[in-house]
Every structure is written in structure tokens, then in C-alpha cells.
Amino acid sequence: MNVNSEQNELSFPEPVFSTGFLPAVFVYFPLPYRDPGDRFSKTVRGYRIDLSSRIGCPYGKIGRSVLTLITTEAVKSKNPRIDLGSLRATVVKMGFTYDGQYGNQTKEQFHRFANTHVDLDREVNAPGVKGIDELHFSFADTLSLRWSTDQQHPYLPLALQKNFLELSLQCFEYVLSHAVPILLEPYFSIQSPREQDVYAWIVRRLWNLKNEYSVKWDLLYEQFGPVSRQNKPLFRTELRRYLFHIRTEIYKEARVEATDEGLILRPSPPLVEPGDKRAGHLL
């Protein structure tokens, strides 16, 4: 028997992943990587985003996982109220092992999102025209979380497990009309928050791309930074490593190339087809 032929016959199909969603605003303006306190600002290509929260703005890998879970449930259910079930179930759904560390950080990030307000604006300055574009919304109206403090009995009665977060109307409407599809399991499995951001950004930029498009390193520093001058070589090395992982393990059809000047994006098949039933809606 031909060994190569046998190997081809025994090849396994690609795994099928479920589709999740992220709000476009947080694809172009990623959450902070470290705890920013109660205010966070970022400017990208003339657009400025400001996050404010009386208890601190969301951040990090768990903050991104919480955001993705909330957005995905809202898009698929078409309901601003996100029923979370038990805290343990929520942590496990995001790909973490439930323990004190992940449980506490998940509670904190939900609490931060529920208290976060988003302001996005830019000045319009074109020949013969000036103006201002603005977007403002509070993330949530209501949050209810319960968890057990008894280590001997970690499971609450079902009546006390009805945890939920209800998005504000403005946030809910924005999410429904500006949801970026991703594959959930690969997204949750990525350990670096910055690689999660690069992955979501590539998915969005390649969707419906008609012509080759170049992005300079300075713009990438701005979007996925801040990046200090001495850390720019390290950033370029890390981004190339992220890109290799994304193209070989997650989005194999992505036609993205790193050069000395930046990234070149070329028209590629979308990661999730616009009419894909997994997406839950048409993009």
C-alpha cells in the first residue's frame, strides 16, 4: 500500500469552531493591556476614545473575554439582557479553570464593564467642510452577580444563580449593527491580549477588502500600543510571531504579509462567510 496515499485517506477534517462577536469600536480601539485606573484615552488616526468608570476601566485578557462573551450572547439572542448562569459556568465558558484567581478577576471585569462609559469623537477637516462626529454610550444599565463564599459548598442554590447583565439601549443597538465575527475557541485560547487584538483586527480589515492595502508600522504602534521608542523592534518581532500563529493555526486563508514598512493586506476569503448560519445574523 502506498504510505502517502494512506496518510491522505486518514487525514482529519479541520475542527469546527463556534462563532463569537466583538464590538467594532473595541477592534479599532483595543482595551488597555494593564489596569488604567478609572480613565483611559487612546487616539488612532484622528479618532479619540475615552473610557471612564468610577471603579476602574476593564482591561487585559479576562476583560476581553468578558467583552466577547457579552457581545456574542447579545448578538445571538437579540436581547440586551445577558443571562450568565453561575459564576463558575461563566468562567469555564470563557476557557478558564474556575478558581479563586479567575473567579475574582471575572467578577471584577464584569463590575468594571457595568460601570463603564464610552466616548468616541473625531474632527472632520476636509476641503470646504469642517465638522464633528461623536458616539457616546454607557455600557450597561443593570448587573446582578451572586457567588458562594463557602468553600465547603461552592454551588449556590439555583434560585441564587440567576446572574445577568443588561446592556444599555445605545450599547445594545451599537453592538447589533457593528459586530465583528471571530472564531470563539481560538480567540479564548490565545494567551496574549495583544495577539487577541491583532487577530480580531485582521478579521475585520480583511472582510470585504477589495484591493491591496498597506498599514505602516507607526500606525500599528498607535493602534496596538502604546509602544515606546526602545520597544519598537520587540513589538515588530512579536507582531510577526502573532501573525505567523494566526495564519497557520486560525485564519489560514488570511493574506497578510509583514514587511520592513509595515503590513500588507490583500483580498482574502472571509473567516466567517456573511451568510454563515453560525454567525447568527448577516454582517
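Brief remarks on what is shown
- Assuming charge only on the beta carbon of Lys and Arg (+1) and of Asp and Glu (-1), the dipole of the chain about its Cα centre is about 320 debye to the nearest 20.
- Checking every one of the GluC sites (Glu not before Pro) in the range 191-231 against DSSP loop status and a limit of 11 other Cβ atoms within 10 Å picks out Glu212.
- Each residue of the range 172-179 is assigned a 3J(HN,Hα), and the resulting list reads 4, 5, 5, 4, 5, 9, 9, 9 Hz, derived from the Karplus form 6.51 cos²θ - 1.76 cosθ + 1.60 (θ = phi - 60°), x at Gly and Pro.
- Structure note, pairs Lys232/Lys252; Lys93/Lys210; Lys76/Lys232; Lys42/Lys162; Lys107/Lys232; Lys107/Lys216: Cα-Cα distances above 29 angstrom occur for Lys93/Lys210; Lys76/Lys232; Lys42/Lys162; Lys107/Lys232; Lys107/Lys216.
- You can think of it this way: the chain between Tyr98 and Lys232 has 44.6 nm of extra reach, that is 0.36 nm per residue less the Cα-Cα gap.
- Taking other Cβ atoms within 10 Å as a rough exposure proxy, Thr43, Thr106, Thr248 sort from fewest to most as Thr248, Thr43, Thr106.
- Karplus (6.51, -1.76, 1.60) ³J(HN,Hα), θ = phi - 60°, over the range 48-57, in Hz, Gly and Pro reported as x: 10, 10, 10, 10, 9, 7, 5, 10, x, 7
- Integer Hz, Karplus 6.51/-1.76/1.60 couplings in order for the range 22-35, x for Gly and Pro: 10, x, 4, 4, 8, 7, 7, 10, x, 4, x, 8, 10, 4
- The residues Asp38, Asp260, when put in order of fewest to most other Cβ atoms within 10 Å, stand as Asp260, Asp38.
- Database remark: amide H of Asp141 closer than 5 angstrom to the amide H of Glu166, Leu167, Ser168 (H placed geometrically; neighbours at sequence offset of 5 or more, or on other chains; Pro and chain starts carry no H).
- Fewest-first sequence of Ser41, Ser65 by Cβ atoms within 10 Å of each Cβ: Ser41, Ser65
- Comparing Leu135, Leu51, Leu84 in a Gaussian network model of the chain (Cα springs below 10 Å), the most mobile by mean-square fluctuation is Leu135.
- Helix-only mean residue ellipticity at 222 nm for the chain, each DSSP H run of n ≥ 4 adding -39500 (n - 2.57), per residue, nearest 500: -11000 deg cm²/dmol
We did not get these values from a lab; they are worked out from the coordinates using the rules stated. Only a predicted model underlies this, so the values are computations on that prediction, with no experimental measurement involved. Every residue, glycine as well, gets a Cβ built from its backbone with ideal geometry; the counts of neighbours run over all protein chains shown.
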